[in-house]
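Working notes, beginning with the structure itself.
Each reported figure results from applying straightforward, stated rules to the coordinates on display, with no laboratory input. Please read these numbers as outputs of a predicted model, since none were measured by experiment. Positions of Cβ are backbone-derived with ideal geometry, glycine not excepted, and every protein chain shown enters the neighbour counts.
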Amino acid sequence: MNDEKNSIIESFRTMAGKDELLFRVIECFPYPIQVYDTDGTSVLVNKAMLEEYHAVSADMIVGKYNVFKDPDVISTGQIDVLRRAFRGETVFFSDVRVPLEVISRRYGISDFDVEAVYQDITVFPIFDDRDQVMYVAALLINRRIYRGKNEIEKAKEYLENHWLDKFDLSETARVACLSKAHFSKLFKKHTGMTPLDYYTNYKIGKIKEMLADTNLSITQVFAACNMDYSGNAARSFKNKVGVTASEYRKKYF
Amino acid sequence: MNEAIFFQIIDMFPYPMVVYSPSYRVKMASRAFLEVVNHSEKLLDKDEELFNWHNAVDLQLVEASRKVFAGESNRLHNLKDPFSLFAGKTRQECAKSGIYNSAAVFPVMNDENEITHGVIVFLPNTCRKDTRRDEN
């Protein structure tokens with residue numbers, strides 16, 4: 001079994017013919033893909049994965065990194081969910097903050113030009129011809145990227161992490177280490193909108209996303225976004241989008 | 001066996017994905033794609049052109065799927081009916097198609113940097129964004 005797996009890693013360098021296309025698709029894939037052995041050890045990373053981590057060579061990850069031994073993965077408390085993928089299920093982790101500081105230390109990267117990255121991670125099994133899990137693949141798609149270390153980026157990150165909570169200007173200004181008045185002025189200067197408008201627009205973006213799920217009623221969509229459809233929320237949606245939520249769904253979905 | 005592994009990664013890929021040739025024949029598709037457009041794998045064996053340019057609702061997807069052969073990669077969002085590009089399938093004819101409103105379209109190159117295939121991956125809309133530092 002181990003020989004067979006080693007040959008698969010080696011095949012990345014020697015593949016030809018029809019295999020070549022399959023390999024190229026994965027290699028050219030614009031999102032990071034990592035494949036793990038059944039014990040959680042990395043056996044394969046694609047080019048996008050290496051670029052994401054600033055040209056760390058595959059040798060630094062393949063055969064060395066083990067997802068089950070990663071303290072950051074363990075600290076999420078999601079190991080049991082992850083194990084389900086190794087038992088044959090596809091599992092999805094939404095909006096996971098990438099531990100850039102840890103990665104930076106682990107691989108000696110000094111030139112990360114981003115402050116924070118949040119990813120949607122889909123982990124799915126790869127079966128052998130006896131329907132046993134042979135490998136597990138993880139697809140990582142960047143959902144939010146924050147570049148720069150300024151106060152406004154921190155505030156945006158805070159607002160987007162707390163969009164389900166009630167808008168709190170004091171707390172947002174505190175995260176940005178500014179007084180409320182100075183923060184509001186600076187935020188508008190940099191983004192062209194007030195922090196409240198930014199928060200509201202983000203929330204409406206979430207409602208629009210959820211309206212794509214036609215299994216949910218409009219009321220359920222608003223409720224899932226912590227908004228009451230019968231209240232001001234419906235009016236606010238129409239004011240911002242130009243049509244009602246129901247009209248929006250009919251138009252686009 | 002190697003081929004089986006790479007095939008499995010694509011076949012088991014959780015999102016609809018198609019690999020197509022410069023003559024717009026679908027050469028490979030994930031199981032998720034075949035499920036959404038209600039196609040059987042046998043259709044792919046016939047090497048038929050599954051692209052239906054005239055019925056496609058999302059013109060930016062049409063453009064992007066052609067531009068891959070000029071080396072362009074594109075990430076598209078807020079697509080209205082992306083699967084209408086395939087054999088004129090409407091959203092109503094496609095199972096679960098409504099959740100896929102984004103797509104990544106990219107070329108596949110060989111060792112000589114020649115583009116041999118294009119790939120479309122359909123993704124759920126996630127309001128992906130890249131928040132850049134304001135220079136002012």
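Shown here for the stretch A:145-253: trypsin sites (Lys or Arg not before Pro) in loop regions (DSSP other than H, G, I, E, B) with at most 13 other Cβ atoms within 10 Å, namely A:K149, A:K166. Panel order for A:R24, B:R31, by other beta carbons found within 10 Å of each beta carbon, from fewest to most: B:R31, A:R24. Shape class for chain A, computed from the alpha carbon gyration tensor (a ≥ b ≥ c): prolate, with a/c not under 1.5 and a/b above b/c.
FRET efficiency for the A:W163 to A:Q78 pair, using the beta carbon distance and R₀ = 22 Å, is estimated at 0.55.
Taking amide H as placed 1.01 Å from N in the peptide plane, B:T116 has its amide H under 5 Å from the amide H of B:V108, B:M109, B:N110, each at least 5 places away in sequence or on another chain.
Placing pseudo-labels 7 Å out from each Cα toward the beta carbon at A:D129 and B:N78 gives an inter-label distance of 4.9 nm. Pairs of Cα atoms nearer than 8 Å and 6+ residues apart set the relative contact order; for chain A it is 11 percent. Amide H contacts of A:I126: A:M134, A:Y135, A:V136, A:A137, each under 5 Å away and 5 or more positions distant or on a separate chain (H built 1.01 Å from N in the peptide plane; Pro and chain starts excluded).
A helix-only calculation puts chain A at -14000 deg cm²/dmol for mean residue ellipticity at 222 nm, using -39500 (n - 2.57) for each DSSP H run of at least four residues, averaged over all residues.
Taking a ≥ b ≥ c as the square roots of the eigenvalues of the Cα gyration tensor, an a/c ratio of 1.5 or more together with a/b larger than b/c marks the stretch A:180-234 as prolate. When the square roots of the Cα gyration tensor eigenvalues are ordered a ≥ b ≥ c, the ratio a/c for the stretch A:98-214 is 1.5 or more and a/b does not exceed b/c, which makes its shape oblate. Can you compute the label reach from A:S246? Point 7 Å from Cα along the Cβ direction, backbone N cut-off under 12 Å, restricted to the stretch A:203-225. Only A:218-219 fall inside the zone, counting backbone N under 12 Å. Across all directions, the average projected area of the convex hull around the alpha carbons of the stretch A:151-252 is 6.4 nm². Exposure proxy ranking for B:Y24, A:Y146, based on other Cβ atoms within 10 angstrom of each Cβ and starting from the fewest, stands as B:Y24, A:Y146. Cα centroid separation, the stretch A:67-85 to the stretch A:156-205: 32 Å.
What the Cβ-Cβ distance of A:D228 and A:L100 gives, at R0 = 30 Å and to the nearest 0.05, is a FRET efficiency of 0.20. For the stretch A:120-135, backbone phi angles converted through the Karplus equation (6.51, -1.76, 1.60; θ = phi - 60°) give residue-by-residue couplings of 8, 10, 10, 10, 9, x, 10, 9, 8, 6, 9, 6, 9, 5, 9, 9 Hz, Gly and Pro being listed as x.
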